[in-house]
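Everything below concerns the one structure shown next.
The values are calculated or read from the model by the stated rules, or taken from the named source; none is laboratory data. Just so we're clear, the structure is a prediction, and the values are computed from it rather than from any experiment. Glycine gets a Cβ as well: all are built from the backbone with ideal geometry, and neighbour counts include every protein chain shown. All accessible areas refer to the heavy atoms of the entire protein, side chains included, with ligands and DNA or RNA removed. Shrake-Rupley method; radii C 1.70, N 1.55, O 1.52, S 1.80 Å.
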Amino acid sequence: MMRTRPLKVALLGCGVVGSEVARIMATHADDLAARIGAPLELAGVAVRRPSKVREGIDPALITTDATALVKRGDIDVVVEVIGGIEPARTLITTAFEHGASVVSANKALLAEDGATLFAAAEKHGKDLYYEAAVAGAIPLLRPLRESLAGDKVNRVLGIVNGTTNFILDRMDSSGAGYSEALDEATALGYAEADPTADVEGFDAAAKAAILAGIAFHTRVRLDDVHREGLTEVTAADIASARRMGCTVKLLAICERAADGRSVTARVHPAMIPLSHPLASVREAYNAVFVEAEAAGQLMFYGPGAGGPPTASAVLGDLVAVCRNRLGGATGPGESAYTRLPVSSMAEVVTRYHISLDVADKPGVLAQVATVFAEHDVSIDTVRQQGRLDSEGLGGEASLVVVTHRAPDAALSGTVEALRKLDTVRGVASIMRVEGE
Ligand code: NDP
Ligand code: HSE
């Protein structure tokens, strides 16, 4: 049975994502109505610049007063695609207070203060859906929240930022410069309003916090996530990775400790073998591995950024929330009953690839090896290559050491001690190695 009275949708933001949400709502109106059981009506569109021409949108719907829009009282669903912390947070909580459910793509806000949003949704008996907040079009949060609700997830690992993957891919495959690749990603609508959120790893860290929270049924905030961006990654690192049969990716890794009593969440560049499935994730695509006790290893892959892919995830949530509303129900809310502490990066067990500039003379390798042994870090491989010094006379070498797995604190202590050796002229690069 199709209800004739439409469900009213308020769209907050009409940029890269919002404009695509409005377009799909208009072009697929009949199908969406049939799937939901009632037509959708775009009731208002809040923006910052009202005079901007917005193709396909009735100018009468445009407003700069987002607060008045969410307070109208007749809105069924608010779609928040403004981004940032404020005014988005207040608009979402106000929407709940005035009877609307909310669909959001705002990972920054969910990772910073998801607790406030979940509490407000629960208090007012409304839905808060946010599939688009992590990994663009890829259905990932719903499978974690619903399909894997009966299993025990132990690890989530993947590429969750399209912009940085696009940059690394361009640098690796076409030798493009960092700035040139970032400009291209921005022009394609992949980057955040402030692209430092992408390149400094904040965006991926926000997504890691959301993933860890859902996967481990606990609360993880942005500040709990160890974060390193890709601004320190050099062309030399990428070339060095190639020589090892690896490539460099910005990874998000969320893990339950072996004893099950704590979790970790981290984002950093890492070398992964070219044979690993993540190595072939190109451009702005994302891919995430989920390891669960009974299910084993699952891989989710698809477009991770951009207007249409993100709008697809938003529309999926919109349909789900509307169906719930018509059925007088709400979907699952936050499940954070385990209250597991988040351990620091120092406790994470990982591997390092360390490239040193050293004096090429007897005893240097032994000195370097001693430092590793003193920190209880086992060496996997060593590669040394002599090179000419500034006067073309030789006497210097590049030493590349790859370690076995060790606690991150031991590895960083090793690097600190290496820097103090007279024979170590410099530490050219340090990168973690994952995926083996
Ligand atoms: P844009 O910067 O392209 O769009 C933001 C929109 O919000 C614009 O329409 C802007 O208005 C409007 N806006 C900004 N401030 C206000 C305000 N105070 N009141 C009313 N409207 C306002 O961002 P995106 O569409 O790229 O991203 C939106 C959200 O989706 C963010 O949370 C982002 O993290 C998330 N996201 C984005 C993805 C992507 O690939 N781009 C992928 C996944 C999630 P105006 O048009 O007038 O400037
Ligand atoms: N800026 C984000 C990215 C958008 O590049 O992945 C998708 O969340």
key: Size descriptor, Kirkwood hydrodynamic radius, that averages inverse alpha-carbon separations across segment 295-348, Å   = 15.3
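Could you work out the relative contact order of segment 141-303, using alpha carbon pairs under 8 angstrom and six or more residues apart, expressed as a whole percent?
Details: 311 pairs, mean separation 52.9, N = 163.
So the answer I get is 32 percent.
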remark   = Here the residues of segment 200-233 lying in the modelled label zone of Glu293, meaning backbone nitrogen under 14 Å from a point 7 Å along Cα-to-Cβ, are 216-217
inquiry  = Can you give me the accessible area per residue for the chain, using a 1.4 Å probe, in Å²?
reply    = 43
Estimated Rh, segment 43-196: Kirkwood, alpha-carbon pairs, angstrom = 17.8
query = When the chain is treated as a GNM, springs tying every alpha-carbon pair under 10 Å, which of Glu293, Glu255, Glu192 comes out with the largest mean-square fluctuation?
reply = Glu293
query = Each label point is 7 Å from the Cα along the Cα-to-Cβ direction; what then is the distance between the points at Asp194 and Lys52, in nm?
reply = 1.8
Relative counts (whole %) of C-alpha pair distances in segment 347-433, using bins that are 10 Å wide = 18, 54, 23, 5, 0
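Below 8 Å between Cα atoms, with a sequence gap of 6+, how large is the relative contact order for segment 347-433 in percent? Let's see the in-between values first.
On the way: 167 pairs, mean separation 42.5, N = 87.
49 percent.
Extension gain Arg242-Ser280, at 0.36 nm per residue separation less the Cα-Cα distance, in nm?
On the way: separation 38, 0.36 × 38 = 13.68 nm, distance 1.35 nm.
Extra length available between Arg242 and Ser280 comes to 12.3 nm.
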message = Going Cα to Cα from Lys207, which lysines come in below 28 Å? Please leave out same-chain ones fewer than 8 positions away.
response = Lys107, Lys123, Lys126, Lys152, Lys249
request  = Quick one: which residues, 5+ away or cross-chain, put their amide H under 5 Å from the amide H of Tyr352? H built at 1.01 Å from N.
outcome  = Thr403, Val433
In Hz, Karplus ³J(HN,Hα) per residue of segment 113-123 (6.51, -1.76, 1.60; θ = phi - 60°; x = Gly, Pro) = 8, x, 4, 5, 5, 5, 5, 5, 4, 5, 4
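Are there any GluC sites (Glu not before Pro) in segment 1-96 that are in a DSSP loop and have at most 16 other Cβ atoms within 10 Å? List them by number. List each step's numbers first, then the result.
Working: sites: Glu20, Glu41, Glu55, Glu80; in loops: Glu55.
Answer in residue order: Glu55.
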ask   = How much accessible surface does Asp172 have with a 1.4 Å probe, in Å² rounded to 10?
value = 40
query = Which value, in Å² rounded to 10, gives the accessible area of Val16 with a 1.4 Å probe and all protein chains present?
reply = 80
remark   = Projected onto their principal axes, the Cα atoms of segment 141-303 stretch, largest extent first, over whole-Å spans of 45, 35, 25
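Report the relative contact order of segment 68-159, percent, no decimals, based on alpha-carbon pairs under 8 angstrom and at least 6 residues apart.
Working: 113 pairs, mean separation 22.1, N = 92.
Computed over segment 68-159, the figure is 24 percent.
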key: Whole-percent pair-distance distribution, where bins are 20 Å wide, for the alpha carbons of the chain   = 25, 50, 20, 5, 0
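Could you work out what % of the accessible surface of the chain is carbon and sulfur, using a 1.4 angstrom probe and leaving DNA, RNA and ligands out of the count? Don't skip to the end; give the middle numbers.
Details: 9430 of 18810 Å².
Carbon with sulfur: 50 percent of the solvent-accessible area.
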query = Once the whole set of protein chains is in place, how much accessible area is left on Asp58, using a 1.4 Å probe, in Å² to the nearest 10?
reply = 80
